[in-house]
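Here is the structure we will look at.
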Amino acid sequence: MALKTWIDDIKPAQSGTESEVQLEPVGAAPKDYLPGEKEADEILFGARDEIIKGGVFHFTQETQAAEITVNRTYKAILDGGRDFEALRVACTHWSAAARKAPVPPVMASLFEGLKK
């Protein structure tokens, strides 16, 4: 298998504990961004980092709806839009929704007719 052969050929560094493998090529060309993509990425990744910093992500219908809004707003920017404020608002809502625990179901009302 070619990959295994290539991996086996990797020489350890002089210290013997690390390899010479580089995850990114030296001198790689910077990413070519679409107009507005870099700014949109900064907003989106900032919201993502806020969610991660919170340590909990509640997957709810509200979270799903917020993600759809973020996705549509982000794509609108990539299609030539410039509404970064709408993306900030959508990302803020997404971050807040992700931190909000779902409301537990009310079970007592299911059994009210069984009271004696």
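Pairwise Cα distances in segment 33-78 exceed 15 Å in 52 percent of cases.
Only protein heavy atoms count here; under a 1.4 Å probe, Tyr33 has an accessible surface of about 110 Å². Each of His58, His93 has its accessible area taken with a 1.4 Å probe; listed largest first, they run His93, His58.
By the scheme Lys and Arg +1, Asp and Glu -1, what is the net charge of all other residues having a beta-carbon under 15 Å from that of Ile77?
So the environment of Ile77 carries a net charge of -2.
Where does the charge balance sit around Arg99 when Lys and Arg score +1, Asp and Glu -1, over other residues with C-beta under 15 Å from its C-beta? Present the calculation step by step, with values, prior to reporting the outcome.
On the way: positive: Arg48, Lys53, Lys100; negative: Asp49, Glu50, Glu62, Glu67.
Here the charged neighbours net out to -1.
For the cross-link pairs Lys31/Lys100; Lys38/Lys75; Lys31/Lys75, which exceed 24 Å when the distance is taken from alpha carbon to alpha carbon? As for pairs spanning more than 24 Å Cα to Cα, those are Lys31/Lys100.
The values are calculated or read from the model by the stated rules, or taken from the named source; none is laboratory data. Keep in mind the model is a prediction, meaning the values are calculated, not measured. So basically every Cβ, Gly included, is an ideal-geometry build from the backbone, and we count neighbours across all protein chains shown. Remember, those area values only see protein heavy atoms, side chains included, never the ligands or the DNA or RNA. Shrake-Rupley method; radii C 1.70, N 1.55, O 1.52, S 1.80 Å.
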